[in-house]
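Q: Structure provided below as structure tokens; questions to follow.
The values are calculated or read from the model by the stated rules, or taken from the named source; none is laboratory data. Everything numeric here is computed off the predicted structure, so don't read it as measured data. Cβ: placed from backbone, ideal geometry, glycine included. Neighbour counts: every protein chain shown. Please note that ligands, DNA and RNA were not included when accessible areas were found on the heavy atoms of the full protein model with its side chains. Shrake-Rupley method; radii C 1.70, N 1.55, O 1.52, S 1.80 Å.
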Amino acid sequence: MDNYYLTKEDINKNVLVSDFLISTGSTFFGQDNNIRQFLMFPDGRDNPYLIAFVNMDRNEWVCTNPEMGGKVTDLAEKVFSLPIDAKFMANALRVVQIMDDMPRPSAFKLDPSDKVQVPVDVGVIDEDKILIPLFCMGISKKVAYDYLRQGTYKGIKDGKEHHMLLFPNSNGGYYSLAGNGWRVVGEEGISLIGPKMDTQRLCVFDNPLDFLTLQQKRSSIGMEMFFNNDRYLIINGDKNFEDALGHIATHQNYHSVCYFFPITDKGIENYWKIHDICPEKIVNSSRLYTGFDTYADSLDFDIRHRRHEGFFLMDSKVKAAEERQKREAQTQAAKMQTSVRDVPQTDIAKANAVQKSVGVKKPQEVAPDDNSRKPTFRL
């Protein structure tokens, strides 16, 4: 939809710099407090990259080598050489629409009812595109590389190579983040992460995204080094809940069990089941995400809210301008009809008479031959 209804100010106010960078294929690899670091590839991935530092509160960016910065439109012009024209404005609205349509973390419910039916090769992540859902949630490449793997397989229908994100469990299997849910690759089971010590804290999560949220929040403020002794248990779905209970019951060396459960009927029910096993040790960690259904939902809520508001404002502004243009066209057409209808009848008749008088003259009629009327000459 090409239009000039959006101004530079509209773009800079309502499009997040981080969203624009993600849409260009840039990589979110780290965060310090509210400053995110992105790798930018303005000339393609085979050429040298630039590092952008994005202030998420002010929605601005800077680049130190070369030294430049500004808003979203400055980023488009200075780094990616994109003209700010009608096409760019339409694409900017499309970027906000795509990001606004990205599923919320709670949409990725871990209910692994289906299994991947093709052979999968597991290795390190080398395809950043599969991380885009995590980037939009606020989980950086750094955290993803620490805890996730990449699965590569050939599609049954097209025979092409595809990639998927994999979260490992302790039975040698994986859970693949696909669509709006998780799928089993290999064996199911709980995930146990972290060192084994005589006395330590156990943090329990229902699904991998809640676990990654904790790691991202610690990484963002540079506090992950203070929790190196923690151990983590990820239940990975209701099918594995009994195994999780068995692990907690048989490992009495945990001095505390912090449960980051979802604020749902099922989550609260599971909390009390763990409470019955270790009432003196269990800690209700839901206080860290009051007002949200899951811990993952609390990650970058303000950013998602701004993204949604930005799309709403930009889309409504375009629609309002189109409606205004449509009304103006209808008004102009109505005025034309009114001007013709209001002319007096006598004036119309005069106009028609004038038109006839200045029209093309008819050729002079010649009387047919009539011998009786010819003069008679006598000699």
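Q: Looking at this structure, is Lys160 among the basic types (Lys, Arg) and in contact (Cβ under 8 Å) with a residue 60 or more places away in the chain?
A: Judged against the criteria, Lys160 is not a match.
Q: In the stretch 16-64, which residue that is among the β-branched types (Val, Ile, Thr), closer than 21 Å to Lys217 by Cβ and assigned to a strand (DSSP E or B) is most open to solvent (accessible area, probe 1.4 Å)?
A: Taking the candidates together, the pick is Ile35.
Q: Inside the stretch 222-243, can you point out the residues that are modelled with pLDDT under 90, of a type in the set (A, V, I, L, M, F, W, C) and assigned to a helix (DSSP H, G or I)?
A: The answer is Met225, Phe226, Phe227.
Q: Going residue by residue through the stretch 237-248, is there one that turns out to be β-branched (Val, Ile, Thr) and open to solvent by 20 Å² or more (accessible area, probe 1.4 Å)?
A: no
Q: Within the stretch 212-228, identify whether any single residue is open to solvent by 10 Å² or more (accessible area, probe 1.4 Å), acidic (Asp, Glu), under 23 Å from the mean Cα position of the chain (by Cα) and closer than 26 Å to Leu177 by Cβ, and answer yes or no.
A: No, the stretch 212-228 contains no residue that is open to solvent by 10 Å² or more (accessible area, probe 1.4 Å), acidic (Asp, Glu), under 23 Å from the mean Cα position of the chain (by Cα) and closer than 26 Å to Leu177 by Cβ.
Q: Right, something else. For residues that are among the acidic types (Asp, Glu), part of a loop (DSSP other than H, G, I, E, B) and under 30 Å from His308 (Cα atoms), scanning just the stretch 104-160, find the one that is least open to solvent (accessible area, probe 1.4 Å).
A: Glu127
Q: Taking only pairs six or more apart or across chains, which ones have beta-carbon atoms under 8 Å, a first residue in the stretch 54-74 that is of a type in the set (Ser, Thr, Tyr), and a second residue that is open to solvent by 40 Å² or more (accessible area, probe 1.4 Å)?
A: So the pair list comes out as Thr64/Ile51; Thr64/Phe53; Thr73/Lys8.
Q: Identify the single condition in (1) closer than 30 Å to Leu202 by Cβ; (2) among the charged types (D, E, K, R); (3) open to solvent by 80 Å² or more (accessible area, probe 1.4 Å); (4) not in a loop (DSSP other than H, G, I, E, B) that Glu280 does not satisfy, given that it satisfies every other one.
A: So the condition that Glu280 fails would be (4).
So that you can scan it fast, the table gives a plain yes or no per residue for (1) over 33 Å from the mean Cα position of the chain (by Cα); (2) more than 18 Å from Phe20 (Cα to Cα); (3) of a type outside the set (S, T, N, Q):
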{"residue": "Arg306", "(1), (2), (3)": "no, no, yes"}
{"residue": "Gly310", "(1), (2), (3)": "no, no, yes"}
{"residue": "Asp315", "(1), (2), (3)": "no, no, yes"}
{"residue": "Glu323", "(1), (2), (3)": "no, yes, yes"}
{"residue": "Lys326", "(1), (2), (3)": "no, yes, yes"}
{"residue": "Met336", "(1), (2), (3)": "yes, yes, yes"}
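Q: Determine if the stretch 286-308 includes at least one residue that is outside any helix (DSSP H, G or I), touching a strand residue (DSSP E or B) at 6+ places or on another chain (Cβ under 7 Å), aliphatic (A, V, I, L, M) and surrounded by 19 or more Cβ atoms within 10 Å (Cβ to Cβ).
A: no
Q: Just to verify a result, which residue in the stretch 161-177, among those that are open to solvent by less than 40 Å² (accessible area, probe 1.4 Å) and in a strand (DSSP E or B), is nearest to Phe29 (Cα to Cα)?
A: Leu165
Q: Considering only the stretch 65-76, I want to know if a residue exists there that is crowded, with 16+ Cβ neighbours inside 10 Å, touching a helix residue (DSSP H, G or I) at 6+ places or on another chain (Cβ under 7 Å), over 24 Å from Leu134 (Cβ atoms) and of a type in the set (Lys, Arg).
A: Yes: the stretch 65-76 contains one or more residues that are crowded, with 16+ Cβ neighbours inside 10 Å, touching a helix residue (DSSP H, G or I) at 6+ places or on another chain (Cβ under 7 Å), over 24 Å from Leu134 (Cβ atoms) and of a type in the set (Lys, Arg).
Q: Ok, one more. Mind checking which residues of the stretch 191-211 are open to solvent by 10 Å² or more (accessible area, probe 1.4 Å) and of a type in the set (Gly, Ala, Ser)?
A: Selection gives Gly194 alone.
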